[in-house]
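Everything on this sheet refers to the single structure shown next.
The values are calculated or read from the model by the stated rules, or taken from the named source; none is laboratory data. For clarity, every value in this text was computed on a predicted model and none was experimentally measured. Backbone-built Cβ (ideal geometry, glycine too); neighbour counts: all protein chains shown.
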Amino acid sequence: MQPRTHKCGQLRKEHVGQSVSLSGWVNNYRDLGGIIFIDIRDYTGVTQVKFQPENKAAHELANRFRREDVICIQGTVVLRGKDPTTGKDLTNPKLATGEIEIDGLTAELLSKADNPPFLPDDAEKVNEETRLQYRYIDLRTPRLQKIMRTRHRVAKIMRDYFDDNGFTEVETPFLCKSTPEGARDFLVPSRLQPGSFYALPQSPQLFKQILMVAGMERYVQIVRCFRDEDPRADRQAEFTQLDLEMSFVDQDDVLNMVEGLMRRIWKQVLDVDVPNPIPRMSYAESMSRFGSDRPDLRFGMELVEISDIAATTDFGVFKDAVAKGGCVKVICVPGGGAMTRKETDGLAEWAKGFGAKGLAVTKVLEGGKVDTGVAKFIGSIAGELISRAKANSGDLLCFAADTNKIVHRVLGELRVKLGKERGMIKEGDWKWLWVMDFPAFEWNADEKRFDSLHHPFTAPRDEDHDKLTMEKAGEVIAKAYDIVCNGSELGGGSIRIHRSDVQGKVFNLLGIDDDNAKVKFGFLLDALRFGAPPHGGLALGLDRIIMHLCGTTNIRDVIAFPKTQNGADLMTQAPSQVDLKQLTELSLRVQTHAKPDKAV
RNA sequence: GGCGCUGUAGCUCAACCGCGCGGAGCAACUCGUUGUCCACGAGAAGGCUGCGGGUUCAAGUCCCGUCAGCGCCGCCA
């Protein structure tokens with residue numbers, strides 16, 4: 001094999017006359033009987049190589065080259081120019097290297113390829129199932145190559161940024177203690193302690209707090225996290241976080257640090273300016289106006305409160321909702337009046353999937369009138385309704401009347417669905433937001449106790465410390481914050497509790513008694529007793545950041561070896577059954593072999 | 001755990017309301033072709049229609065089950 005002198009995407013006019021050697025894959029071949037053209041590809045691009053019959057040995061070899069063979073060629077860079085007889089322009093403007101070609105003098109077959117199940121050129125059209133099975137071919141496509149390189153680059157920008165700011169990257173364990181709160185843990189059996197299990201970390205939360213107690217001051221880590229829950233288009237069981245924690249800080253310090261990072265990444269990767277500062281909105285306002293704690297601000301269609309006037313109508317659904325302490329809200333869909341009955345019925349059906357009993361709609365006419373749907377019930381408030389919703393003739397009004405939670409959920413989801421479907425999002429628009437002032441706790445009616453909205457180590461506002469009682473816990477606001485980009489939560493964090501007495505009170509609210517707390521989090525409570533600085537931090541979803549930067553909605557695109565919805569790796573066939581011997585060594589016995597065909 | 005969509009040649013797709021021997025493009029194979037660049041021309045080959053059952057004179061098509069992939073709900077402190 002000749003040593004490579006250049007990469008396949010590199011050669012230009014100025015290299016003409018040079019003797020070069022390239023290695024790569026056969027992207028395509030065109031055998032014209034005499035002259036043979038081979039397009040050779042590596043990660044930098046494609047170059048055309050020609051083999052003339054006069055170079056007999058090389059020509060005979062090239063004659064056998066097929067797609068995806070790995071070859072090495074050597075020859076002279078020549079200008080394509082114009083055909084001497086016909087005068088036709090021979091350059092290929094579609095190719096970065098299209099002004100030149102290589103007059104191939106020698107060729108070598110480094111590795112013969114079987115007929116591939118699909119060609120990298122066609123991959124975008126191919127079934128994802130097939131692509132995942134042959135992931136190494138899929139990854140040859142320029143698109144995925146580019147995503148993987150962007151991912152690398154972003155990780156480097158992150159590390160450089162935090163290095164510039166005095167952070168230290170510390171690796172935390174993958175074999176951890178299981179903490180049954182939150183998501184399901186992936187468990188790893190202990191051989192040395194039969195019957196005991198490690199858990200893979202859902203996040204390094206406790207370790208990073210302990211690193212603050214340990215005096216690291218500024219910690220960062222790009223770290224794999226694991227949650228044994230069902231995947232989604234933007235969620236994998238195994239995912240990567242940028243995790244950070246800082247000592248002697250309050251919210252503004254963390255927010256400023258993270259904003260600086262986002263500005264650097266978006267500037268360097270996309271040449272897009274992230275606003276300075278990123279606007280902030282309270283959780284309460286976000287829920288009220290957008291029905292979501294991660295509002296997409298690229299379009300309007302805000303939720304409008306109409307409970308007061310809805311209660312004055314004769315419409316039972318509206319009156320009941322308000323009487324029971326819920327609310328009635330409306331969103332105005334510009335131009336939605338043109339929707340058919342079938343379409344609006346479809347929306348109502350869809351809304352039921354989010355807990356709504358239905359979805360009331362009506363169309364806005366000229367002169368402050370409404371028609372169709374629930375029009376006959378709301379005639380008395382039509383004028384006020386149209387004015388509050390800022391509706392115009394031809395718009396569609398969508399109402400939800402229920403508990404606050406369901407109304408926000410349904411209209412929030414509907415708003416996003418219609419915003420996307422009706423082309424209300426401007427291409428290339430970026431809207432950033434910090435959502436702040438989350439409630440610390442949420443009442444769990446089933447278990448008759450409070451749950452943490454964020455996690456149990458989140459600090460309440462200083463002025464809310466005396467509300468850490470069963471009576472008032474619902475009013476406590478946490479020092480927690482989420483960063484939201486175009487309606488997607490990129491990350492979140494909080495200032496943590498650094499006093500063991502406050503932490504104890506919170507555990508009690510969550511129904512974790514002292515003994516239980518000691519068993520589960522004793523090491524953290526101990527650490528907090530031995531000199532804990534005030535600290536806080538944040539975790540960003542690296543996969544989601546890459547998705548945004550690369551313009552994909554499929555998280556599998558940004559992970560080199562992703563898993564399917566079933567948790568399977570179609571390439572390696574994981575998970576698989578294991579030898580009885582392995583199980584015995586781990587003191588494990590499997591109850592059912594549900595899929596014996598997958599046995600090892 | 002639930003709802004929906006999909007499954008036909010190596011790949012991408014056809015095949016009417018259930019009616020003829022399930023077709024085409026690409027790839028692979030053979031032959032031809034000296035300026036192509038998703039080369040071109042000719043030929044030959046390629047199928048248990050995911051799997052199992054049912055309805056029917058007749059099923060790729062309808063029904064039931066099952067497996068797999070995708071999207072969603074639940075879940076994701």
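Out of (1) in contact with a helix residue (DSSP H, G or I) (Cβ under 6 Å, 6 or more places away or on another chain); (2) closer than 30 Å to A:ASP437 by Cβ, what's the single condition that is false for A:PHE399?
It is condition (1) that A:PHE399 fails.
Take A:GLY98 and decide whether it is within 9 Å of RNA strand B (Cβ to nearest atom) and small (Gly, Ala, Ser).
On the way: within 9 Å of RNA strand B (Cβ to nearest atom): yes; small (Gly, Ala, Ser): yes.
Criteria met by A:GLY98.
Can you pull out the residues in the range A:1-52 that are of a type in the set (Asp, Glu) and either surrounded by fewer than 19 Cβ atoms within 10 Å (Cβ to Cβ) or on the phi > 0 side of the Ramachandran plot (or both)? If you could, list the steps in order and put the result at the bottom.
Residues of the range A:1-52 of a type in the set (Asp, Glu): A:14, A:31, A:39, A:42.
Of everything in the range A:1-52, those that are of a type in the set (Asp, Glu) and either surrounded by fewer than 19 Cβ atoms within 10 Å (Cβ to Cβ) or on the phi > 0 side of the Ramachandran plot (or both) turn out to be A:GLU14, A:ASP31.
Looking for something more than 33 Å from the chain's Cα centre (by Cα), away from RNA strand B (no atom under 16 Å from the Cβ) and over 23 Å from A:PHE186 (Cα atoms) - is there at least one such residue anywhere in the range A:514-525?
Looking for residues that are more than 33 Å from the chain's Cα centre (by Cα), away from RNA strand B (no atom under 16 Å from the Cβ) and over 23 Å from A:PHE186 (Cα atoms), one finds at least one in the range A:514-525, hence yes.
Suppose we keep only residues that are surrounded by fewer than 21 Cβ atoms within 10 Å (Cβ to Cβ) and assigned to a helix (DSSP H, G or I) within the range A:526-542. Which one would you say is nearest to the chain's Cα centre (by Cα)?
A:ALA527
Among residues belonging to the range A:12-53 that are assigned to a strand (DSSP E or B) and hydroxyl-bearing (Ser, Thr, Tyr), point out the one that is nearest to A:THR91 (Cα to Cα).
Checked the range A:12-53; the qualifying residue nearest to A:THR91 (Cα to Cα) is A:THR47.
Under the condition of being in contact with a strand residue (DSSP E or B) (Cβ under 6 Å, 6 or more places away or on another chain) and in a loop (DSSP other than H, G, I, E, B), which residue from the range A:203-215 is surrounded by the most Cβ atoms within 10 Å (Cβ to Cβ)? Explain how you work it out, then say what you get.
Going residue by residue through the range A:203-215, those that are in contact with a strand residue (DSSP E or B) (Cβ under 6 Å, 6 or more places away or on another chain) are A:203-204, A:208-209, A:211-212.
Subsequent filtering for residues that are in a loop (DSSP other than H, G, I, E, B) retains A:203-204.
On the way: A:SER203: 18, A:PRO204: 25.
By that ranking, first place goes to A:PRO204.
Taking only the range A:366-407 into account, find how many residues are over 38 Å from the mean Cα position of the chain (by Cα) and over 22 Å from A:GLY419 (Cβ atoms).
So the count comes out to 19.
Quick one: in the range A:79-107, of everything that is in contact with a strand residue (DSSP E or B) (Cβ under 7 Å, 6 or more places away or on another chain) and among the hydroxyl-bearing types (Ser, Thr, Tyr), which residue is surrounded by the fewest Cβ atoms within 10 Å (Cβ to Cβ)?
Filtering first and then ranking leaves A:THR106.
Could you check the range A:284-321 and list, in sequence order, the residues that are modelled with pLDDT of 95 or more and more than 26 Å from A:SER393 (Cα to Cα)?
A:ALA284, A:GLU285, A:SER286, A:MET287, A:SER292, A:ASP293, A:ARG294, A:PRO295, listed by residue number.
Is it the case, given these coordinates, that A:GLY9 is more than 9 Å from RNA strand B (Cβ to nearest atom) and either in a helix (DSSP H, G or I) or of a type outside the set (A, V, I, L, M, F, W, C) (or both)?
On the way: more than 9 Å from RNA strand B (Cβ to nearest atom): yes; either in a helix (DSSP H, G or I) or of a type outside the set (A, V, I, L, M, F, W, C) (or both): yes.
The answer is yes for A:GLY9.
Among the helices (runs of 4 or more DSSP H) confined wholly to the range A:256-339, which include 1 or more residues that are touching a strand residue (DSSP E or B) at 6+ places or on another chain (Cβ under 6 Å) and within 23 Å of A:CYS485 (Cα to Cα)? Break it down into steps so the answer makes sense when it comes.
Values: elements: A:283-290, A:307-310, A:316-323.
Once the helices (runs of 4 or more DSSP H) in the range A:256-339 are filtered for at least 1 residues that are touching a strand residue (DSSP E or B) at 6+ places or on another chain (Cβ under 6 Å) and within 23 Å of A:CYS485 (Cα to Cα), what remains is A:283-290.
Answer yes if at least one residue in the range A:54-70 is among the small types (Gly, Ala, Ser) and crowded, with 16+ Cβ neighbours inside 10 Å, and no otherwise.
Just the residues of the range A:54-70 that are among the small types (Gly, Ala, Ser), to begin with: A:57-58, A:62.
Keeping just the survivors that are crowded, with 16+ Cβ neighbours inside 10 Å gives A:58, A:62.
Scanning the range A:54-70, I find at least one residue that is among the small types (Gly, Ala, Ser) and crowded, with 16+ Cβ neighbours inside 10 Å, so the answer is yes.
Given the conditions (1) of a type in the set (S, T, N, Q); (2) near RNA strand B (Cβ under 9 Å from one of its atoms); (3) surrounded by fewer than 19 Cβ atoms within 10 Å (Cβ to Cβ); (4) not in a loop (DSSP other than H, G, I, E, B), which single one is not true for A:THR76?
Evaluating A:THR76 over (1) of a type in the set (S, T, N, Q); (2) near RNA strand B (Cβ under 9 Å from one of its atoms); (3) surrounded by fewer than 19 Cβ atoms within 10 Å (Cβ to Cβ); (4) not in a loop (DSSP other than H, G, I, E, B) leaves (2) as the failure.
Provide a single number: the residues in the range A:125-155 that are surrounded by fewer than 18 Cβ atoms within 10 Å (Cβ to Cβ) and of a type in the set (Asp, Glu).
2
All but one of (1) in contact (Cβ under 8 Å) with a residue 60 or more places away in the chain; (2) more than 16 Å from RNA strand B (Cβ to nearest atom); (3) part of a loop (DSSP other than H, G, I, E, B) hold for A:LEU192; which doesn't?
(1)
Within the range A:216-243, which residues are over 15 Å from A:LEU200 (Cβ atoms), more than 11 Å from RNA strand B (Cβ to nearest atom) and surrounded by fewer than 21 Cβ atoms within 10 Å (Cβ to Cβ)?
The answer is A:MET216, A:GLU217, A:ARG218, A:ILE222.
A quick yes/no check of all residues on (1) within 14 Å of RNA strand B (Cβ to nearest atom); (2) surrounded by 14 or more Cβ atoms within 10 Å (Cβ to Cβ); (3) under 28 Å from A:SER494 (Cα atoms); (4) in contact (Cβ under 8 Å) with a residue 24 or more places away in the chain:
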{"residue": "A:GLU366", "(1), (2), (3), (4)": "no, no, no, yes"}
{"residue": "A:GLY394", "(1), (2), (3), (4)": "no, yes, no, yes"}
{"residue": "A:ASN404", "(1), (2), (3), (4)": "no, yes, yes, yes"}
{"residue": "A:LEU418", "(1), (2), (3), (4)": "no, yes, no, yes"}
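Considering the range A:456-489 alone, what residues qualify as being over 14 Å from A:LYS505 (Cα atoms) and either under 23 Å from the mean Cα position of the chain (by Cα) or within 14 Å of RNA strand B (Cβ to nearest atom) (or both)?
Across the range A:456-489, the qualifying residues are A:ALA478, A:ALA480, A:TYR481, A:ASP482, A:ILE483, A:VAL484, A:CYS485, A:ASN486, A:GLY487, A:SER488, A:GLU489.
Does the range A:244-261 hold any residues that are surrounded by fewer than 21 Cβ atoms within 10 Å (Cβ to Cβ) and acidic (Asp, Glu), and which are they?
A:ASP250, A:ASP252, A:ASP253, A:GLU259
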